[in-house]
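The structure appears right after this line, and notes come after that.
The values are calculated or read from the model by the stated rules, or taken from the named source; none is laboratory data. All values derive from a computational prediction rather than experimental measurement. Cβ: placed from backbone, ideal geometry, glycine included. Neighbour counts: every protein chain shown. Surface areas here come from the heavy atoms of the whole protein model, side chains and all, with no ligands, DNA or RNA. Shrake-Rupley method; radii C 1.70, N 1.55, O 1.52, S 1.80 Å.
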Amino acid sequence: MPPISPKDLLQKNDEDLVKLTLENQELYLYLMRRYEPKLLRYILRISNVSEAEAEDVLQDVFIKAFQHLNEFDPDLKFSSWIYRITRNQVISNYRKIKARPQTVELIEEAGTGVEKLLSDLDIEEALNNHELALEVEKVLTAMDQKYKEVLVLKYLEDKSYQEISDILKKPLGTVATLLNRAKQAFKKQATVQGVNFALVEA
Amino acid sequence: MTISEKTFAAIKEQKITPKPRWEFILKDSVVWVMFSLALIVEGMLVSVTIFLFSDQDWDIYNKLEKNIVEYALIIVPYFWLVLMAIFCGLAWLNFRQTKKGYRFHTYLVVLVSGVSGLILGTTFFYFGLGNKIDQLFTAKVPYYERMVCHKSEFWEQPKLGLLAGEIVLWDGPDRFVIKDFDNGNEWIVTGAQVIWREPYQPGPPGPRRKIKLIGSQINDNTFRVLEVRPWQ
């Protein structure tokens, strides 16, 4: 097989890169680099662990994914597959250490994800970006894990319904229901927490 | 050093390699085989259930001084229904473990598994498997007879006008002798214009012909018959 230039590798999609990695394991580094920031952020958002612990979890995720590369089903998106492994690893890590909630900055800045979440909930953004991020984070942290993770995937990780279904291993219909309930739970939690959102009257 | 680089170094240092593809194919195949087995067993259980239902006479509840609902509740084969539910659940669990099993709703999987079990069960029943399984359990499984209601329980009550046995002496369709299944007592059976149900026709009895009789008990060894049905 002729050597592939780093530039070419960067242009390859994930699924092609998996095939190439199975032929040349050195290329796994490229896949890991692609997902390192996204998965680290995802772990922090759904787990309440410290950054150092999140890094350990991520390392385990990468090793597990590498060992299971032959199991990857090309009918799925690679990102869904590795997000699923990450979620499972977070759950397994939680069971192992019984992590207590810690103060971790889930959302550094209110980006388009937060804006979309609030807009879907008919919430006006009466706050500046940083304050808004803190408030959303406060509500998310207090929410039930099953609702929190679906909101994180939809709005902060910008995943489609199909991707969320593949990550959580739940049928599409269940994802839609879960998301609706999560939005209701978010509104309710915001009220309970006394978070300063300006709710738009229907 | 980034996490990716650290991980990559760890992979090299510990000589970690991807697990071979055949391991995953084997794992997936085992799940599908388990799912198929659960469906086949479910089909077998359905075939016994159909057999037990079809082997009962649904029009004798009056003779037993019960209404149709009470009668139905007695003859429901709970033992097999519970096993069916367990295997339907096992089929669902195995299907959930397949690669894309999670994409389907539980109710859909249970429905498809139930319908497949029904189709398989009907086919097995058609080929006589339900009857064979029931006979096997009757012969080999202790307490099985107590757990499942068989027709013999109803047809061994001459006082209620229900009798079953084997013809031992033939004098014509309105007069013959049978040996009952319960105690092996011999009964003189008489009647006038006795109705013989299909597919059993009156005629000289062959060896060990088994029949069910509806009528009334006259005395300890005489039974007045109105209708004769084949045992099977």
Would it be correct to say that A:Lys170 is outside any helix (DSSP H, G or I) and open to solvent by 10 Å² or more (accessible area, probe 1.4 Å)?
yes
Considering (1) within 27 Å of the chain's Cα centre (by Cα); (2) open to solvent by less than 30 Å² (accessible area, probe 1.4 Å), say which one B:Ile11 fails and leave the rest.
(1)
Given (1) in the same structural domain as B:Ile75 (by TED's automatic domain parsing); (2) open to solvent by less than 40 Å² (accessible area, probe 1.4 Å); (3) on the phi > 0 side of the Ramachandran plot, where does B:Asp134 come up short, assuming only one miss?
(3)
Those residues of the range A:16-26 which are open to solvent by less than 20 Å² (accessible area, probe 1.4 Å) and within 18 Å of B:Lys12 (Cα to Cα), in sequence order:
A:Val18, A:Thr21
Out of all the residues in the range B:42-55, which are buried (at least 19 other Cβ atoms within 10 Å of the Cβ) and polar (S, T, N, Q)?
B:Ser47, B:Thr49
Checking the structure you have, find out if any residue of the range B:133-149 is at pLDDT below 90 and among the small types (Gly, Ala, Ser).
no
Considering only residues that are surrounded by fewer than 17 Cβ atoms within 10 Å (Cβ to Cβ) and more than 16 Å from B:Met34 (Cβ to Cβ), look in the range B:81-99 and name the one that is nearest to the other protein chains (Cβ to nearest Cβ).
B:Ala85
Whichever residue in the range B:15-32 is exposed (fewer than 11 other Cβ atoms within 10 Å of the Cβ) and within 9 Å of chain A (Cβ to nearest Cβ) and, among such residues, is farthest from the chain's Cα centre (by Cα):
B:Pro20
Could you say whether any residue in the range B:36-54 is without any contact (Cβ under 8 Å) to a residue 40 or more places away in the chain, outside any helix (DSSP H, G or I) and either out of contact with any Asp or Glu (no Cβ under 7 Å at 6 or more places or on another chain) or of a type in the set (D, E, K, R) (or both)?
no
